[in-house]
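Data block below; observations after.
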Amino acid sequence: MRILVLLGPPGAGKGTQAKRLERAYGIVQLSTGDMLRAAVASGSDLGREAKDVMDAGKLMPDAIMTEIISDRIEQPDCANGFILDGFPRTRAQAEALDALLDRKGLALDKVVELKVDEQALVERVSGRFACAKCGAGYHDKFQPPKQAGICDVCGSTEFIRRADDNAETVRARLSAYREQTAPILPYYRDKGVLVEVDGMADIDEVTRQIEHVLNG
Ligand code: AMP
(Lines give C-alpha, C1' and ligand atoms only; values in the text may rest on other atoms or scores of the structure.)
Protein backbone atom coordinates (compact mmCIF):
# COMPACT_ATOMS: atom_id res chain seq x y z
CA MET A 1 0.00 0.00 0.00
CA ARG A 2 1.43 3.35 -1.04
CA ILE A 3 0.78 6.48 0.98
CA LEU A 4 2.19 9.70 -0.35
CA VAL A 5 1.82 13.34 0.69
CA LEU A 6 2.33 16.14 -1.83
CA LEU A 7 3.34 19.40 -0.16
CA GLY A 8 3.86 22.78 -1.75
CA PRO A 9 2.31 26.23 -2.02
CA PRO A 10 -0.79 26.92 -4.15
CA GLY A 11 0.15 26.55 -7.80
CA ALA A 12 3.07 24.20 -7.13
CA GLY A 13 1.35 21.49 -9.20
CA LYS A 14 0.11 19.15 -6.45
CA GLY A 15 -3.27 18.54 -8.06
CA THR A 16 -1.85 18.06 -11.56
CA GLN A 17 0.72 15.56 -10.35
CA ALA A 18 -1.69 13.73 -8.03
CA LYS A 19 -4.09 13.15 -10.96
CA ARG A 20 -1.28 11.71 -13.09
CA LEU A 21 -0.12 9.37 -10.32
CA GLU A 22 -3.69 8.30 -9.65
CA ARG A 23 -4.03 7.17 -13.27
CA ALA A 24 -0.60 5.53 -13.47
CA TYR A 25 -0.58 3.66 -10.15
CA GLY A 26 -4.24 3.13 -9.22
CA ILE A 27 -3.78 5.04 -5.97
CA VAL A 28 -6.50 7.53 -5.28
CA GLN A 29 -6.02 11.32 -5.06
CA LEU A 30 -7.43 12.75 -1.84
CA SER A 31 -7.73 16.50 -2.36
CA THR A 32 -9.19 18.22 0.71
CA GLY A 33 -9.70 21.35 -1.42
CA ASP A 34 -11.85 19.34 -3.89
CA MET A 35 -13.80 17.85 -0.96
CA LEU A 36 -14.50 21.32 0.41
CA ARG A 37 -15.50 22.63 -3.02
CA ALA A 38 -17.95 19.73 -3.32
CA ALA A 39 -19.36 20.69 0.10
CA VAL A 40 -19.73 24.32 -1.05
CA ALA A 41 -21.56 23.16 -4.19
CA SER A 42 -23.89 20.97 -2.12
CA GLY A 43 -24.88 23.91 0.10
CA SER A 44 -24.25 21.94 3.34
CA ASP A 45 -23.37 23.60 6.67
CA LEU A 46 -19.77 22.55 6.13
CA GLY A 47 -19.90 24.09 2.66
CA ARG A 48 -21.17 27.43 3.98
CA GLU A 49 -18.35 27.61 6.50
CA ALA A 50 -15.77 26.49 3.94
CA LYS A 51 -16.84 29.08 1.37
CA ASP A 52 -16.05 32.03 3.65
CA VAL A 53 -12.73 30.54 4.75
CA MET A 54 -11.65 29.65 1.20
CA ASP A 55 -12.66 33.03 -0.23
CA ALA A 56 -10.46 34.66 2.40
CA GLY A 57 -7.52 32.36 1.56
CA LYS A 58 -7.45 31.10 5.15
CA LEU A 59 -7.42 27.55 6.53
CA MET A 60 -10.31 25.48 7.87
CA PRO A 61 -10.05 24.23 11.49
CA ASP A 62 -7.72 21.28 12.02
CA ALA A 63 -10.33 19.11 13.78
CA ILE A 64 -12.78 19.35 10.87
CA MET A 65 -10.13 18.55 8.25
CA THR A 66 -8.73 15.63 10.23
CA GLU A 67 -12.19 14.14 10.61
CA ILE A 68 -12.83 14.49 6.87
CA ILE A 69 -9.60 12.66 6.04
CA SER A 70 -10.13 10.05 8.73
CA ASP A 71 -13.52 9.14 7.22
CA ARG A 72 -12.24 9.28 3.66
CA ILE A 73 -9.35 6.85 4.08
CA GLU A 74 -11.78 4.22 5.35
CA GLN A 75 -13.38 4.04 1.90
CA PRO A 76 -12.67 0.92 -0.20
CA ASP A 77 -11.00 2.90 -3.02
CA CYS A 78 -8.15 3.76 -0.62
CA ALA A 79 -7.21 0.10 -0.15
CA ASN A 80 -4.31 0.29 -2.65
CA GLY A 81 -3.00 3.53 -1.25
CA PHE A 82 -3.62 7.24 -1.58
CA ILE A 83 -2.00 10.54 -2.44
CA LEU A 84 -2.78 13.34 -0.04
CA ASP A 85 -3.08 16.63 -1.91
CA GLY A 86 -3.69 19.61 0.37
CA PHE A 87 -3.55 17.70 3.66
CA PRO A 88 -1.84 18.04 6.10
CA ARG A 89 -1.55 21.82 6.07
CA THR A 90 -0.56 22.45 9.69
CA ARG A 91 1.67 20.76 12.23
CA ALA A 92 -1.45 19.66 14.19
CA GLN A 93 -2.84 18.00 11.03
CA ALA A 94 0.49 16.27 10.39
CA GLU A 95 0.53 14.85 13.92
CA ALA A 96 -3.12 13.81 13.69
CA LEU A 97 -2.40 12.04 10.40
CA ASP A 98 0.47 10.10 11.95
CA ALA A 99 -1.75 9.04 14.86
CA LEU A 100 -4.53 8.05 12.46
CA LEU A 101 -2.23 5.93 10.27
CA ASP A 102 -0.55 4.44 13.30
CA ARG A 103 -3.90 3.21 14.64
CA LYS A 104 -4.50 1.44 11.33
CA GLY A 105 -1.00 -0.06 11.31
CA LEU A 106 -0.02 2.14 8.35
CA ALA A 107 2.70 4.72 7.78
CA LEU A 108 3.54 7.39 5.22
CA ASP A 109 5.96 6.24 2.53
CA LYS A 110 7.15 9.64 1.41
CA VAL A 111 6.36 13.31 1.60
CA VAL A 112 7.23 15.09 -1.64
CA GLU A 113 7.85 18.81 -1.39
CA LEU A 114 7.31 20.52 -4.73
CA LYS A 115 9.77 23.40 -4.60
CA VAL A 116 8.76 26.43 -6.62
CA ASP A 117 9.76 30.01 -7.08
CA GLU A 118 7.16 32.09 -5.21
CA GLN A 119 7.37 34.91 -7.74
CA ALA A 120 5.96 32.61 -10.41
CA LEU A 121 3.02 31.40 -8.35
CA VAL A 122 0.64 34.33 -8.50
CA GLU A 123 0.81 34.27 -12.30
CA ARG A 124 0.54 30.47 -12.42
CA VAL A 125 -2.51 30.33 -10.16
CA SER A 126 -4.41 33.35 -11.39
CA GLY A 127 -4.34 32.11 -15.00
CA ARG A 128 -5.59 28.60 -14.42
CA PHE A 129 -8.95 27.10 -15.34
CA ALA A 130 -10.42 23.67 -15.98
CA CYS A 131 -12.89 21.92 -18.24
CA ALA A 132 -16.27 21.93 -16.50
CA LYS A 133 -17.06 18.46 -17.84
CA CYS A 134 -13.90 16.32 -17.53
CA GLY A 135 -11.78 18.46 -15.19
CA ALA A 136 -8.75 18.73 -17.55
CA GLY A 137 -6.57 21.60 -16.36
CA TYR A 138 -5.50 24.58 -18.48
CA HIS A 139 -3.74 27.93 -18.14
CA ASP A 140 -4.37 31.17 -20.07
CA LYS A 141 -0.69 31.60 -20.87
CA PHE A 142 1.18 28.37 -20.16
CA GLN A 143 -1.30 25.73 -21.31
CA PRO A 144 -4.21 27.05 -23.38
CA PRO A 145 -6.48 24.52 -25.14
CA LYS A 146 -5.16 23.67 -28.63
CA GLN A 147 -8.29 25.24 -30.10
CA ALA A 148 -9.47 28.25 -28.12
CA GLY A 149 -12.65 27.55 -26.13
CA ILE A 150 -12.69 23.77 -26.76
CA CYS A 151 -11.42 21.16 -24.30
CA ASP A 152 -8.58 19.07 -25.85
CA VAL A 153 -9.71 15.98 -23.96
CA CYS A 154 -13.51 15.84 -24.22
CA GLY A 155 -14.49 18.62 -26.64
CA SER A 156 -16.62 20.47 -24.09
CA THR A 157 -16.91 24.25 -24.48
CA GLU A 158 -17.57 24.96 -20.81
CA PHE A 159 -14.79 25.90 -18.46
CA ILE A 160 -14.61 26.86 -14.79
CA ARG A 161 -12.29 28.98 -12.69
CA ARG A 162 -11.89 28.56 -8.95
CA ALA A 163 -13.28 31.50 -6.97
CA ASP A 164 -10.08 31.64 -4.89
CA ASP A 165 -7.70 31.72 -7.89
CA ASN A 166 -7.57 35.53 -8.04
CA ALA A 167 -4.39 37.52 -7.32
CA GLU A 168 -5.58 38.87 -3.95
CA THR A 169 -6.70 35.52 -2.51
CA VAL A 170 -3.62 33.79 -3.90
CA ARG A 171 -1.45 36.18 -1.85
CA ALA A 172 -3.41 35.29 1.32
CA ARG A 173 -3.09 31.56 0.49
CA LEU A 174 0.67 31.99 0.03
CA SER A 175 0.95 33.61 3.48
CA ALA A 176 -1.08 30.77 5.00
CA TYR A 177 1.36 28.35 3.36
CA ARG A 178 4.42 30.21 4.59
CA GLU A 179 3.15 30.64 8.14
CA GLN A 180 1.16 27.47 8.81
CA THR A 181 2.19 24.80 6.30
CA ALA A 182 5.92 25.30 5.65
CA PRO A 183 6.67 24.59 9.34
CA ILE A 184 5.63 20.96 8.68
CA LEU A 185 8.67 20.46 6.45
CA PRO A 186 11.22 20.07 9.30
CA TYR A 187 8.78 17.68 11.04
CA TYR A 188 8.92 15.33 8.04
CA ARG A 189 12.63 15.96 7.41
CA ASP A 190 13.38 14.76 10.95
CA LYS A 191 11.38 11.60 10.30
CA GLY A 192 13.45 10.94 7.17
CA VAL A 193 10.48 10.83 4.77
CA LEU A 194 10.82 14.25 3.08
CA VAL A 195 12.01 14.41 -0.53
CA GLU A 196 12.40 17.64 -2.48
CA VAL A 197 11.38 17.78 -6.12
CA ASP A 198 11.91 20.73 -8.47
CA GLY A 199 8.37 21.94 -9.16
CA MET A 200 9.64 24.49 -11.71
CA ALA A 201 10.67 21.73 -14.14
CA ASP A 202 8.22 20.84 -16.90
CA ILE A 203 5.18 18.78 -15.93
CA ASP A 204 6.46 15.47 -17.38
CA GLU A 205 9.83 15.88 -15.69
CA VAL A 206 8.18 16.55 -12.31
CA THR A 207 6.09 13.38 -12.77
CA ARG A 208 9.25 11.40 -13.58
CA GLN A 209 10.96 12.69 -10.44
CA ILE A 210 7.99 11.79 -8.22
CA GLU A 211 7.76 8.33 -9.81
CA HIS A 212 11.43 7.85 -9.03
CA VAL A 213 10.68 8.70 -5.39
CA LEU A 214 7.67 6.34 -5.33
CA ASN A 215 9.61 3.45 -6.81
CA GLY A 216 12.82 4.13 -4.91
P1 AMP B 1 -6.61 23.65 -2.32
O2 AMP B 1 -7.56 23.19 -3.36
O3 AMP B 1 -5.77 22.55 -1.73
O4 AMP B 1 -5.76 24.82 -2.78
O5 AMP B 1 -7.50 24.18 -1.09
C6 AMP B 1 -8.37 25.29 -1.25
C7 AMP B 1 -8.73 25.88 0.11
O8 AMP B 1 -9.42 24.90 0.90
C9 AMP B 1 -7.57 26.32 0.97
O10 AMP B 1 -7.12 27.63 0.64
C11 AMP B 1 -8.19 26.26 2.38
O12 AMP B 1 -9.04 27.36 2.60
C13 AMP B 1 -9.07 25.02 2.28
N14 AMP B 1 -8.34 23.78 2.67
C15 AMP B 1 -8.03 22.72 1.87
N16 AMP B 1 -7.37 21.77 2.55
C17 AMP B 1 -7.24 22.22 3.81
C18 AMP B 1 -6.64 21.70 5.00
N19 AMP B 1 -6.00 20.52 5.00
N20 AMP B 1 -6.70 22.46 6.13
C21 AMP B 1 -7.31 23.64 6.15
N22 AMP B 1 -7.91 24.20 5.08
C23 AMP B 1 -7.87 23.51 3.91
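If you roll a 1.4 Å probe over the heavy atoms of the protein chains, what accessible area per residue do you get for the range 1-55, in Å²?
Value returned for the range 1-55: 42 Å² of accessible area per residue.
Please tell me the relative contact order of the chain in percent, rounded to the nearest whole number, where contacts are Cα pairs under 8 Å and at least six residues apart.
Averaging sequence separation for qualifying contacts and normalising by length gives 29 percent for the chain.
What is the pair-distance distribution P(r) of the range 160-216, computed from all Cα-Cα distances in 10 Å bins starting at 0, with each bin given as a whole percent?
All Cα pairs considered, the percentages come to 19, 29, 41, 11.
Counting heavy atoms of the protein chains only and a 1.4 Å probe, report the per residue accessible area for the range 64-216 as a whole number of Å².
Here the per-residue accessible area is 54 Å².
When the accessible area of the range 104-146 is split by element with a 1.4 Å probe, what percent falls to carbon and sulfur?
The value for the range 104-146 is 50 percent carbon and sulfur by accessible area.
Excluding ligands and nucleic acids, what accessible area in Å² is computed for Y188 using a 1.4 Å probe, to the nearest 10?
0
Tell me, what HN-Hα J-couplings in whole Hz come from the Karplus equation 6.51 cos²θ - 1.76 cosθ + 1.60 at θ = phi - 60° for each residue of the range 51-65, using x for Gly and Pro?
The phi angles translate into 4, 5, 5, 5, 5, 8, x, 9, 10, 6, x, 4, 4, 5, 5 Hz.
Within the range 7-61, what whole-number % of the accessible surface is contributed by carbon and sulfur, with the 1.4 Å probe and all protein chains included in the calculation?
Carbon and sulfur together cover 54 percent of it.
Provide the percentage of antiparallel DSSP beta bridges, counting only those with both residues in the chain; round to the nearest 5.
30
Can you give the net charge of the other residues whose Cβ lies under 15 Å from the Cβ of N80, counting K and R as +1 and D and E as -1?
Cβ neighbours under 15 Å give a net charge of 0.
Sort the following peptides by mean Cβ neighbour count (other Cβ atoms within 10 Å, averaged over residues), highest first: 38-47, 9-18.
Most protected by this proxy first, the peptides run 9-18, 38-47.
Given bins 10 angstrom wide, list per bin the percent of all Cα-Cα distances in the range 101-167, short to long.
Pairs per bin, as whole percents: 18, 34, 22, 19, 6, 0.
Please give the peptides 125-134, 101-110 ranked by average Cβ packing (other Cβ atoms within 10 Å per residue), highest first, as a rough proxy for protection.
So the order, starting with the most tightly packed, is 125-134, 101-110.
Report the full-extension gain for the segment A107 to Y187: residue separation times 0.36 nm, less the Cα-Cα distance, to one decimal in nm.
27.3 nm is the gain from fully extending A107 to Y187.
Give me the tail of P(r) for the chain as a percent: Cα-Cα pairs with distance above 22 Å.
The calculated P(r) of the chain puts 51 percent of pairs beyond 22 Å.
The values are calculated or read from the model by the stated rules, or taken from the named source; none is laboratory data. None of these values were measured; they are calculated from a predicted model. With ideal geometry, Cβ positions are generated from the backbone for all residues, glycine too; neighbour counts draw on all protein chains shown. For accessibility, only protein heavy atoms count, side chains too; no ligands or nucleic acids. Shrake-Rupley method; radii C 1.70, N 1.55, O 1.52, S 1.80 Å.
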